[in-house]
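Novice: Sharing a structure, written as structure tokens. Questions coming.
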Amino acid sequence: LMGVDSEKDGLNANAAFNGDTLMLITFNPETLNATMLSIPRDTYVPIACNNNRYHKINSSAAYGTECVINTIKKLIDIDIDYYAKINFNGVIDLVNTLGGLDVVVEEPNVGSYIKKYGKGKLCESNSFRDLGNLVCMDTGMQHLNGEQALAYSRNRYGFLDSDLARNRHQQQIVEAMAKKLLNVSSFSEFENLLNVVGKNISTNLSTTQMLSFYQTLKNMLIRSLS
């Protein structure tokens, strides 16, 4: 799962992009277990399509989707069957179409950040990176809309562990999405969801494949989340 650091509407499947969000998600259809591994953007690895020169893993995205996948395959030594890329607008549309997400928003712990925004508050620039229009939320259990979910998954300056905190928040968002997907009760509802976010997500899974995996994925989610 690749997060494209872009505020534009629409997504080119093979274009170069800023690869600050990289998550490897595995589903085992026999055990019905799922795992989620965030790969920090500064992980120093051989870049597969740059003569295996060592660099930060997010630089592989400058060469396109295939380079990212091959670099991660070389790093972790497993096959990767499918990918999905999503941009800022894709996250917003997906969260809003799901009716928002219930997430425990972590409290910032950087003194200067707390002094600027106040204790018990998390603020980030909006999806257009406009610091004049901040997206703010209270900490603790919150019901987040699309802009808030994106802001939470992007924020790192409020936390001493910076990008690792951001990885943690992104996993929270993905888990909350998974829980909401359990409420999608029909193929037509699922298909509508795909149509809403379609232009801001690219994947090598066809719609037919996704629909055929629909029930198995729900069973996996039920097992994993329990």
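Novice: Between Leu225 and Glu7, how many nm apart are label points set 7 Å from Cα along the C-beta direction?
Specialist: The answer from the label model is 3.2 nm.
Novice: How would Asp81, Asp20, Asp161 line up by accessible area, probe 1.4 Å, largest first?
Specialist: From most accessible down to least: Asp81, Asp161, Asp20.
Novice: Something else about it: Report Rg (one decimal) and Dmax (nearest whole number) for region 49-168, counting Cα atoms only, units Å.
Specialist: For region 49-168, the Cα-based Rg and Dmax read 17.0, 48 Å.
Novice: Over region 8-104, what is the relative contact order in whole percent, taking alpha-carbon pairs under 8 Å and six or more residues apart?
Specialist: In percent, rounded to a whole number, it is 25.
Novice: Counting C-alpha atoms alone, how compact is region 12-62: give Rg to one decimal and Dmax as a whole number, in angstrom.
Specialist: Just the Cα atoms of region 12-62 yield Rg and Dmax of 13.7, 38 Å.
Novice: Report the local net charge at Glu147: Lys and Arg +1, Asp and Glu -1, summed over other residues whose C-beta lies under 13 Å from its C-beta.
Specialist: Net of charged neighbours comes to -2.
Novice: Against the 2.2 N^0.38 Å scaling, with N counting residues, where does the chain land? I'd like the Cα-based Rg ratio to two decimal places.
Specialist: Compactness ratio reported: 1.02.
Novice: While we're on this one: For Glu147, what accessible area in Å² do you get when you roll a 1.4 Å probe over the heavy atoms of the protein chains, rounding to the nearest 10?
Specialist: That residue has around 50 Å² of solvent-accessible surface.
Novice: Restricting the calculation to Cα positions, tell me the Rg (one decimal) and the Dmax (whole number) of region 102-169 in Å.
Specialist: 10.8, 28
Novice: While we're on this one: Which of Asp93, Asp79, Asp138 moves most in a GNM of the chain, Cα contacts under 10 Å?
Specialist: Checking each option, the largest mean-square fluctuation is seen for Asp79.
Novice: On a straight-distance basis, which aspartates and glutamates could pair with Lys218 in a cross-link, Cα separation under 16 angstrom, same-chain partners fewer than 8 positions away excluded?
Specialist: Result set, ordered by chain and number: Glu30, Glu175, Glu189, Glu191.
Novice: Now for a different question. How large is the Rg to Rh ratio of region 69-123 when both quantities use alpha carbon positions and Rh follows Kirkwood?
Specialist: Reported Rg/Rh (Cα atoms, Kirkwood Rh): 1.18.
Novice: OK, next. Please give me the summed charge of the neighbours of Cys49: other residues whose Cβ is under 11 Å from its Cβ, Lys and Arg +1, Asp and Glu -1.
Specialist: Net charge in that neighbourhood comes out at +1.
Novice: Something else: What is the percent of Cα-Cα separations in region 11-105 that go past 22 Å?
Specialist: More than 22 Å apart: 37 percent of the Cα pairs in region 11-105.
Novice: Which value, in Å², gives the accessible area per residue of region 1-157 when a 1.4 Å probe is used on the protein heavy atoms?
Specialist: Per residue, region 1-157 has 51 Å² of solvent-accessible surface.
Novice: How are the C-alpha pair distances of region 168-226 spread across 5 Å bins, as whole percents from the shortest bin up?
Specialist: Values per bin, smallest distances first: 4, 16, 25, 27, 21, 7, 1.
Novice: While we're here: Which pairs break 29 Å Cα to Cα here: Lys121/Lys199; Lys74/Lys180; Lys121/Lys179; Lys179/Lys199?
Specialist: Lys121/Lys199; Lys74/Lys180
Novice: Mean-square fluctuation check for the chain, GNM, Cα pairs under 10 Å: which of Lys116, Lys73, Lys56 is largest?
Specialist: Taking springs between Cα atoms under 10 Å, the residue moving most is Lys116.
Novice: A follow-up question, please. Could you calculate the contour length gain from Met210 to Asn50, that is, 0.36 nm times the residue separation minus the distance between their Cα atoms, to one decimal place in nm?
Specialist: Difference between extended and current length: 54.3 nm.
The values are calculated or read from the model by the stated rules, or taken from the named source; none is laboratory data. Since the model is a prediction, treat every value here as computed from it, not as a measurement. We place every Cβ from the backbone using ideal geometry, glycine too, and count neighbours over all the protein chains shown. Accessible surface areas use protein heavy atoms only, side chains included; no ligands, DNA or RNA. Shrake-Rupley method; radii C 1.70, N 1.55, O 1.52, S 1.80 Å.
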